[in-house]
1. Counting DSSP beta bridges in the chain, what percent are antiparallel, to the nearest 5?
2. Tell me, in nm to one decimal, what length is gained between A136 and T66 on full extension, where the rule is 0.36 nm per residue of separation less the Cα-Cα distance?
3. Semi-axes of the equivalent ellipsoid for region 5-104, please: Cα gyration tensor eigenvalues, times 5, square-rooted, ordered largest first, whole Å.
4. At a 1.4 Å probe radius, carbon and sulfur cover how many percent of the accessible area of region 105-240?
5. Taking just the C-alpha trace of region 27-171, give me its Rg and Dmax in Å.
6. What angle, in degrees between 0 and 90 and rounded to the nearest 10, separates the Cα long axis of helix 103-113 from the longest principal axis of the Cα atoms of the chain?
7. No solvent, one uniform scatterer per C-alpha: report log10 I(q)/I(0) for region 146-269 via the Debye equation at q = 0.12, 0.13, 0.20 1/Å, two decimals.
8. Dividing the convex hull volume of the Cα atoms of region 30-81 by its residue count, what figure in Å³ per residue is obtained?
Amino acid sequence: MEMIERVPYECRQGDIAIAIDPDPGYGERPDLWPSVGEYPVYDPFLYASMSTDAVRNNAFRQALRTMVEGRRVVDIGTGQNLQWAVEAAALGAKRVVAIEAIRRSHDAAAARLSGRPEKAVIDLRFGSSYDIDLDAPAEVCVAELIGSIASAEGMLAAMADARARLLTPDALVVPASCETLVGAVSLRSMFPEGLAFSAESLPYLTDIFTLNGGPFDIRLAVANPDPASVSSTSGVVERLRFDGCEALEATARVELDIHREGPVDGLLCWIRLDAGAGAPVVDSLLEHTSWIPGYLPVFDTPAAARVGDVLTVEFERRTGADGIHPDYTVRAALRTANGSIAGTSFSPYGGQYLGLSAVHRELFAPE
């Protein structure tokens, strides 16, 4: 890793300098990214990372293969490649309504669909699924609205609306369910030469800041983490089923047993996804997939954890200001032989909070 660079960014809070790693790891070591899936910043690079994700695609394809023949399908967030809409049509779907809310992605999808034989089956619509009505309810829904934290991309809100307006009562959804797991880590130990965003992620970071009206403590994601960097047992903080009955807001509490001595400054968050119909379960920590694990800071000063200590985590999901995407609050306490160390993290979808955590203050230093 080359020396960390600082890229200036002008904002109303006062100019900041964003820490950038000019030498990305490219799979050889971890890279730090903003969590991009929740935001409309998709481009050919991000779409390619999904369309070439064999782990993800095999699971979704296996689930769809058993569901779509002769049925009406809705694909929410079809993307520029119309991947699952085309797949459903090829598998014998009666009709596929493919919905895309990002204008450039919709237009690229329209160009891709033109002249394809699947055009006779696929009805491509521009807009949000919340604003679109169907002529007849769909019997199958595919929606890849799963984030580094399972609920982060607004899947629960989208499915609640779809179940109420767009789907038959017995409609099948791909994926069928998804869990978010957490484990104790030291982000600084994962990046011993200093915290900095991968240079490749900078355009996405600044685009998200522009959409938000300025910088904020964006949720972080770690590409290519070593599973051995997790120094505790794991715990499930979200168990989501997409039947329309799942609460948009919830709180979970887990206890993590420390199994390796060392510093702890936060939580690594990853997903375990069941596409349905007996497809292989996807674990985004143990497998190489486009769902890269997230990170939530907890302790500004890293806590010294020893084997036998217990990290109690309270994970709270609350709907953000847009009514779709969640904000998360984590309250944690590390119980040691010498007492308890408490920490708190707030991870918003957007807003004006900047520098609440030491990690974010390091990444976004004042100019």
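1. 75 percent
2. 23.1 nm
3. Square roots of five times the eigenvalues give 37, 18, 9 Å.
4. 51 percent
5. 15.0, 49
6. Between the helix axis and the principal axis of the chain, the angle is about 40 degrees.
7. Those come out to -0.63, -0.72, -1.18, one per q.
8. In region 30-81, the Cα convex hull volume per residue is 110 Å³.
The values are calculated or read from the model by the stated rules, or taken from the named source; none is laboratory data. Values in this document were obtained by computation on a predicted structure and should not be read as measured data. Backbone-built Cβ (ideal geometry, glycine too); neighbour counts: all protein chains shown. Side chains included, ligands, DNA and RNA excluded: accessible areas come from the protein's heavy atoms. Shrake-Rupley method; radii C 1.70, N 1.55, O 1.52, S 1.80 Å.
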